[in-house]
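To start, the structure under review is shown below, and the notes come after it.
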Amino acid sequence: MGNIGSREILRLSVNGRQHELLVKPYATLLEVLREDLRLTGTKHGCEAGECGACVVLVDGTPQLSCLVLPGQIEGSEVTTIEGVSNGSELHPVQQAFMDHGALQCGYCTPGMVLSSKALLDSNPSPTRDEINEALSGNLCRCTGYVSIIEAVEDAGRAMA
Amino acid sequence: MLRLPRFSYLRPGSVAEAAQVLSEYGSRARVVAGGTDLLPKMKRGQMEPEVVIGLGHINELRGIRATEDGGFEIGACVTLSEVVASPELRAAYPGYVHAAALVSTPALRNSGTIGGNLCVDTRCNYYDESYEWRKALGFCMKKDGNICRVAPASATCRAIASSDTAPAAISMGATVVLVGPNGQREVPVESLYQDDGQFYMTKAPDEILTSLRMPSPGHWKSSYVKVRNRGSIDFPLVGVAAAIQMKGSLVEACRIVITAVGPQPLDVSQAAGALVGKEIDDTLLEEVATEAAKPARPLDNADLSYVWRKRMTRRAIEQAIREAAEVG
Ligand SMILES: Cc1cc2nc3c(=O)[nH]c(=O)nc-3n(C[C@H](O)[C@H](O)[C@H](O)COP(=O)(O)OP(=O)(O)OC[C@H]3O[C@@H](n4cnc5c(N)ncnc54)[C@H](O)[C@@H]3O)c2cc1C
Ligand code: SF4
Ligand code: FES
Ligand code: FES
């Protein structure tokens, strides 16, 4: 072991691109994404696991990037909100959020979209209860949740 | 921004290697499984290891395995989500699986592990605050200070046992395997904890929990009831695990374990003796719940009033027993 906290090489695949980075072992995945890779679509809210603003997909499952050390997930595929659309063509979940006005300030939206995408990828026609459960860790302080839930239902139909 | 302090990250590939580095660095090191408890605590300066040892790279700690006696052995690094998704575990231990499903949020359960959940730190409103907040008020006994802010006359910290799965595992008579520098031992989950919010675990700091062994469920039916502020995210304000064996409509045996009402989960099954050989009815349940809730000592260090939490302990016990009896 070198000096406490000395930088290390990290291999991380993000949105299909393989990166080799020199990072501090005590930087969270959230910090590496935003500060080293400049992918600022992932938001930092509470930074303590309570709000879901920082959700990214790790091998397709939502995780809280503020509480993940990149070293823990080396070799996994990370998907951030920047990796969801197909070029300029929005992902059906993004399109449905727009159509339903399921956002106001947009701060929770990247996390909401990724949690919704993960749900619909494994269960294209979820019940309301299943949607509520899947989004129960994503707090929104602006819109109220009804438009978000309706957007997820619509997106599911579009993806089916 | 809440940043982590400096530390080095080690990735042992086996339990033996992890145990060795852990004993080498002693109190300067801590293991991390999912990190969902350790990392927020490190951000708030409640824990300050210089070396963090990742357990997630160790294959031995993964996997759910049926055992010869009809039970299951669950690796310490199995995530809570994996437990929730297991039909076998759900059928055998509905209470335990329900408790796992009620921990925080889906994204947290995707990285939070069952081993980390059994070792999760005790909680207190005076302790689960940022370093600056605690410094401004004056530190407390659990970290950096010398008195308890909740119970100043208390000789020990009264922070709250907060694992949802621990009471459910205890109610099924589960054990854990611990590996340390002196080898391996197996202890009942119940004896992992003690009545001290600061030194809440009996295991040595350099022992690694490698698996949870759930015995055959036999005829035990089980449930878990959690009282909390919101329907998601929050820790338990009261948690009750119940397990029951019925013969027709009569109770044959009943176990009750309560948590979040003191520094350790409490087995209060003694009080359920009054149910044996009887049918469950409202009056009897109320009697049993009143008796079982007696050792609960909620203090003014969690959300909502402690008087209400004490009252809810009784209600949650009644509900847990009813729900266990109704499991199909
Ligand atoms: C917002 C929020 C809400 C939460 N809500 C709940 C809740 O409702 N109920 C609940 O029970 N918990 C809750 N938690 C706490 C925690 O997330 C869970 O208990 C989780 O299961 C911990 O597992 P982990 O693998 O992430 O633990 P880690 O953070 O990796 O570890 C927790 C502790 O256990 C030690 N440890 C971990 N694994 C081992 C091992 N195998 N052997 C020895 N020591 C080990 C670590 O050193 C650390 O001290 C919450 C946390 C947050 C941030
Ligand atoms: S119970 Fe007392 S000593 Fe323990 S964390 Fe709370 S204030 Fe500190
Ligand atoms: S920023 Fe990660 S959960 Fe709030
Ligand atoms: S749109 Fe503002 S927080 Fe959700």
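Cβ-Cβ distances below 9 Å connect the following pairs, each with a first residue in region B:288-305 that is more than 14 Å from residue B:227 (Cα to Cα), a second residue that is acidic (Asp, Glu) and away from ligand 3 (no atom under 16 Å from the Cβ), and a separation of six or more residues or different chains: B:288/B:318; B:289/B:318. Being touching a residue at least 24 places away in the same chain (Cβ under 8 Å), within 11 Å of another protein chain (Cβ to nearest Cβ) and more than 30 Å from residue B:218 (Cβ to Cβ), is that true of even one residue in region B:96-104? Yes: region B:96-104 contains one or more residues that are touching a residue at least 24 places away in the same chain (Cβ under 8 Å), within 11 Å of another protein chain (Cβ to nearest Cβ) and more than 30 Å from residue B:218 (Cβ to Cβ).
For region A:101-112, the criterion of being farther than 20 Å from residue A:40 by Cα and away from ligand 2 (no atom under 16 Å from the Cβ) is met by at least one residue.
Residues in region A:30-55 that are closer than 18 Å to residue A:112 by Cα and of a type in the set (A, V, I, L, M) were compared, and the one that is surrounded by the most Cβ atoms within 10 Å (Cβ to Cβ) is A:55. Total residues in region B:30-46 satisfying the condition of being touching a residue at least 24 places away in the same chain (Cβ under 8 Å) and away from chain A (no Cβ under 11 Å): the figure is 3. Once region A:11-28 is narrowed to residues that are farther than 17 Å from residue B:8 by Cα and among the small types (Gly, Ala, Ser), the residue that is farthest from the other protein chains (Cβ to nearest Cβ) is A:16.
For (1) among the charged types (D, E, K, R); (2) out of contact with any strand residue (DSSP E or B) (no Cβ under 9 Å at 6 or more places or on another chain); (3) over 25 Å from residue A:27 (Cα atoms); (4) surrounded by fewer than 19 Cβ atoms within 10 Å (Cβ to Cβ), each residue gets a yes or a no:
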residue	(1), (2), (3), (4)
A:57	no, no, no, no
A:62	no, no, no, no
A:88	no, yes, yes, yes
A:98	no, yes, yes, yes
A:120	no, yes, yes, no
A:150	yes, yes, yes, yes
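Taken over region A:88-143, residues that are more than 20 Å from residue B:84 (Cβ to Cβ) and within 12 Å of another protein chain (Cβ to nearest Cβ) amount to 3. Could you check, for region B:123-137, whether at least one of its residues is closer than 29 Å to residue B:13 by Cα, away from ligand 2 (no atom under 16 Å from the Cβ) and not β-branched (Val, Ile, Thr)? There is no residue in region B:123-137 that is closer than 29 Å to residue B:13 by Cα, away from ligand 2 (no atom under 16 Å from the Cβ) and not β-branched (Val, Ile, Thr). Across region A:9-29, the number of residues qualifying as in a loop (DSSP other than H, G, I, E, B) and either under 23 Å from residue A:116 (Cα atoms) or within 11 Å of ligand 3 (Cβ to nearest atom) (or both) comes to 3.
Looking across B:210, B:122, one residue alone is surrounded by 24 or more Cβ atoms within 10 Å (Cβ to Cβ), within 13 Å of ligand 1 (Cβ to nearest atom), of a type in the set (S, T, N, Q) and in contact (Cβ under 8 Å) with a residue 60 or more places away in the chain. It is B:122. Counting only residues that are under 18 Å from residue A:135 (Cα atoms), within 16 Å of ligand 4 (Cβ to nearest atom) and either part of a helix (DSSP H, G or I) or of a type in the set (D, E, K, R) (or both), region A:70-110 holds 8 of them. Give region A:43-69 a look and list any residue that's out of contact with any His (no Cβ under 8 Å at 6 or more places or on another chain), facing another protein chain (nearest Cβ under 9 Å) and outside any strand (DSSP E or B), or say none. If the condition is that a residue be out of contact with any His (no Cβ under 8 Å at 6 or more places or on another chain), facing another protein chain (nearest Cβ under 9 Å) and outside any strand (DSSP E or B), then A:44, A:46, A:47, A:48, A:49, A:50, A:51, A:52, A:67, A:68, A:69 are the ones that fit. Scanning for something buried (at least 17 other Cβ atoms within 10 Å of the Cβ) and basic (Lys, Arg), does region B:229-252 turn up at least one residue? Scanning region B:229-252 turns up no residue that is buried (at least 17 other Cβ atoms within 10 Å of the Cβ) and basic (Lys, Arg).
Could you tell me whether region A:148-155 includes any residue that is touching a residue at least 40 places away in the same chain (Cβ under 8 Å), of a type in the set (Val, Ile, Thr) and under 28 Å from residue B:54 (Cβ atoms)? The answer is no; no qualifying residue exists. Taking residue B:6 as the residue in question, decide whether it is part of a loop (DSSP other than H, G, I, E, B), charged (D, E, K, R) and within 13 Å of chain A (Cβ to nearest Cβ). For residue B:6, the condition - part of a loop (DSSP other than H, G, I, E, B), charged (D, E, K, R) and within 13 Å of chain A (Cβ to nearest Cβ) - is met.
Readers should treat all values here as calculations from the given coordinates under stated rules, not as data from a laboratory. Everything numeric here is computed off the predicted structure, so don't read it as measured data. As a convention, Cβ positions derive from the backbone with ideal geometry for all residues, glycine included, and neighbour counts pool all protein chains shown.
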